[in-house]
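Shown below is the structure under consideration.
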Amino acid sequence: MAGGGMVSQGEVKDYGGKVTAFVVITCMVAATGGLIFGYDIGISGGVTSMDVFLEKFFPSVYRDEEAVTGGEKNQWCQFDSPLLTAFTSSLYIAGLLSTYVASATTRRFGRRVSMLVGGANFLAGSAINGAAVNVAMLIVGRILLGIGVGFANQAVPLYLSEMAPAHLRGALNIGFQLATTLGILVANLVNYGTNRITAGYGWRVSLALAAVPGGLLTIGALLLPDTPNSLVQRGHRDEAKAMLRRIRGIDDIDAELADMVEASEASARVQHPWRNIFRRRYRPQLIMAVVIPAAQQLTGINVIMFYAPVLFKTLGFGANASLMSAVITGVVNVAATLVSIASVDRLGRKALFLEGGAQMLVSQVAIGVILGFGFGSGGDKALSKGFANLVLVLICVYVAAFAWSWGPLGWLVPSEIFPLEIRSAGQSIVVSVNFFWTFLVAQFFLMALCHLKHGLFFLFAVFVLAMTLFIILLLPETKNVPIEEMNLVWRRHWFWKKFVPQDEHLPTAAANVKSTA
């Protein structure tokens, strides 16, 4: 047996290894998959606030906007259009459905093939959207973008978690979220610039430039190696051994490889991962795969990220000022994600979840109070410049909290908790649940804003409180735990241990055992 002796059920292994330039570079390239997700989130809200875009594709919304200016319509309801929200939300339905195809692709052909398919579809969608002459073309383009995002979000977090050493898995995996935030920021900057194009085609430039992150992902997928876990799973054991040596920077990788082989053999015996994931022994992982991505969207973050320019316009900022305000929140988003990268493997996942939840709760309640006082339920009051700037500050406080907690951790934690035999199926559930709730928020936010007004922020605050309590009670800490040893954290948890067999055979022991109790 490689390593030394059997590991007790209260301990996990340290396989050793160095932080190699190779693994850092490959993870950085793979993380560019987040760029396509972020660019789309940022770009859609910006173009839907451009008057020239609204006048061409959504004239009823443009007329309502003019009516608000003339005092004829409630400003809470100026963007309430099912067709406009369908433009945004169609991507997420496509992503939800495509992730199930991506699951089979990721399991059978590897993570990088799924990334390649995702990049190619995103390229096609950006071309159609940039050339659109009617709403139908816009939505077809959005569907292709959604397929691209579905494949990328299925494969990239898995790729990062499998390539990274355990003690840096959090930081390297959050590279995906960092790329997402950079994509949002770049999109906001692009929108700010293209909105100044007087010829009226700025929105085309914004939509077509999605080809840049799509091209980066496509080229990156062609150049990247596959993960050792995926190579072992597909029967390429010698290649996996060579790759593991290269990414760990040491020759003594037998213990880690043996655990991968054992996990792969267990995976091969599972003929129906979609059926097995519903077994009692996987109940903890399944609950997390459903609750965490749903809760991530119920924070209300996409109220800000999808519709930031629209929301700021509603608050009384002018067209260019609303886009610049979105740029400011984008900068905060990137900076706070860097904080998460620096702290997640030191402070742990739970500490960031809890601090972020408390900060979001306070800022949302404050925003709701100010908007209720400033606008009134009838939407017939004007928000003073001082109050508008205070709301912008509070939104930045809220975005920062999300960006170092629920934003990155909503992808990191689910990607690291599944055993290999159900990993691709589990990630598909994570992505599809995320997209389902993203779709609901995107589709119904503007209608909810019209009917609930400032009370919408109180509703999201209640969701944040509930999910913070969930984290306190039911999420075990997963920092520094090797991905193939994750079963141990469920066996030690006060509640989940009743679901996980205590006498199940543990993977081959590694040298340098350490306790993480």
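Values quoted throughout were computed directly from the atomic coordinates according to the rules given, and no laboratory measurement underlies them. Every value quoted in this text rests on a predicted model; they were computed, and no experiment measured them. Here the Cβ is made from the backbone with ideal geometry for all residues, glycine too, and neighbour counts use every protein chain on show.
Could you give the semi-axes, largest first, of the ellipsoid that matches the range 16-56, computed as the square roots of 5 times the alpha carbon gyration tensor eigenvalues and rounded to whole Å?
The equivalent ellipsoid of the range 16-56 has semi-axes of 40, 7, 5 Å.
Would you mind putting 360-368, 224-232 in packing order, based on average other-beta-carbon counts within 10 Å, highest first?
224-232, 360-368
Across the range 295-302, in residue order, what do the Karplus-derived ³J(HN,Hα) couplings come to in whole Hz, using 6.51 cos²θ - 1.76 cosθ + 1.60 with θ = phi - 60° and x for Gly and Pro?
Each residue's phi maps through the Karplus curve to give 5, 4, 7, 7, 5, x, 4, 6 Hz.
Report the extension gain between Val135 and Val462 in nm, rounded to one decimal, defined as 0.36 nm multiplied by the number of residues separating them, less their alpha carbon distance.
114.1 nm
Cα-Cα pairs above 24 Å in the range 114-230: how many percent?
33 percent
Once fully extended, how much extra length lies between Ala104 and Ser60, figured as 0.36 nm per residue of separation less the alpha-carbon to alpha-carbon distance?
11.6 nm
How big is D for the range 194-312, in µm² s⁻¹ as a whole number, if Stokes-Einstein is applied with the Kirkwood radius of its Cα pairs at 4 °C and 1.567 mPa s?
D = 67 µm²/s.
Based on Cα positions only, what radius of gyration and what Dmax would you give for the range 366-498, in angstroms?
In Å, with Rg to one decimal and Dmax whole: 19.4, 58.
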